[in-house]
Amino acid sequence: MQTPSYSDIHVRYTNLTNRTARQENTDGFLDTHHVVDIARSLFLSSILWVVIAIIVYTVYSMVAGAH
């Protein structure tokens, strides 16, 4: 069995260090998955549905009260 040459070891080490550096520079979960934008949209949508429900109930009450 032959021992690996210095160049083989060096190439493997370089690949490992480059892989680690790439992993540290990757975007985080919140950068790739826009959770804040989704939560804000959900919140604004909920407020819109509440406003629509209040308007519909008010109009229904006025129509039902007139009869």
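Overview of results
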{"quantity": "Hits in the stretch 1-36 - residues which are surrounded by fewer than 10 Cβ atoms within 10 Å (Cβ to Cβ), at pLDDT 70 or above and charged (D, E, K, R)", "calculated": "ASP27, ASP31"}
{"quantity": "Flag if LEU48 is modelled with pLDDT of 70 or more and of a type in the set (A, V, I, L, M, F, W, C)", "calculated": "yes"}
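The values are calculated or read from the model by the stated rules, or taken from the named source; none is laboratory data. Fair warning: this is a prediction, and the values are worked out from it, not measured in the lab. In this analysis, Cβ positions are derived from the backbone assuming ideal geometry, glycine residues included, and neighbour counts consider all displayed protein chains.
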